[in-house]
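Here the structure comes first, spelled out in structure tokens, and everything after it is commentary.
Values quoted throughout were computed directly from the atomic coordinates according to the rules given, and no laboratory measurement underlies them. All values reported here derive from a predicted model rather than from experimental measurement. Note: ideal-geometry Cβ built from the backbone for every residue, glycine included; neighbour counts use all protein chains shown.
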Amino acid sequence: MRHIRSFGAVTAVLLVSAMALAAQSPSGDTRASSPVTRPEHFKLSDGAPSIDALLRRVLDALAAKDVQALHRLRVTEQEYRSFVLPGAVEKGQPPQNLDEQSSQFAWDMLNTKSLYAGQAIITNFGGRHYTLEHVQYAKGQHQYAWYRTYNTTVLTLQDDAGGMRELTLGSIADVDGQFKFVGLLGNR
């Protein structure tokens, strides 16, 4: 478990550092030209109505050994770049307004990591039926300007043979009562 947490922390630091480097334009200005404002109500495509519903969808994707179903449980590129990334500031602070290149870079890093993690999750957990025994958020919760996150979701699962397994997933975003994963981590 310690290894999982340290990997997540290292990844988070690398992502933030890479975003900062990518965001620096030759003039040093990291802001895009048009201002970003929070929509009154942001609609996530196929967002779950609760964390419990989202986690049931995870278990269904695992049982079906369906990596695409697993990826549908995370935010899309449009959702990430237009809402999650701009709103990832402390409550009360103005939104991030990254230029196109920086926003694309941040998405590409998150998406690439999630694609590999999703495949590993299906390889290691897919094709089995699980009962959810316990949920833990290893890195707690955080309120951002536009949404709340439940960070580093760790599921304790009982398989159909009675064995216990632990599955580490990414952070869950709560956007106006709709729930999706921001990205996937997978066990390491």
(request) Inspect the range 108-120 for any residue being at positive phi and out of contact with any Phe, Trp or Tyr (no Cβ under 7 Å at 6 or more places or on another chain) and give the result as yes or no. (result) no
(message) Against the definition (in a helix (DSSP H, G or I), crowded, with 18+ Cβ neighbours inside 10 Å and among the aromatic types (Phe, Trp, Tyr)), how does Trp107 come out, yes or no?
(response) yes
(request) Filter the range 137-146 for residues that are in a loop (DSSP other than H, G, I, E, B) and at negative phi and give the result. (result) Ala138, Lys139, Ala145, Trp146
(request) Assess whether Gln78 counts as being under 19 Å from Arg38 (Cα atoms), of a type outside the set (Val, Ile, Thr) and without any contact (Cβ under 8 Å) to a residue 12 or more places away in the chain. (result) yes
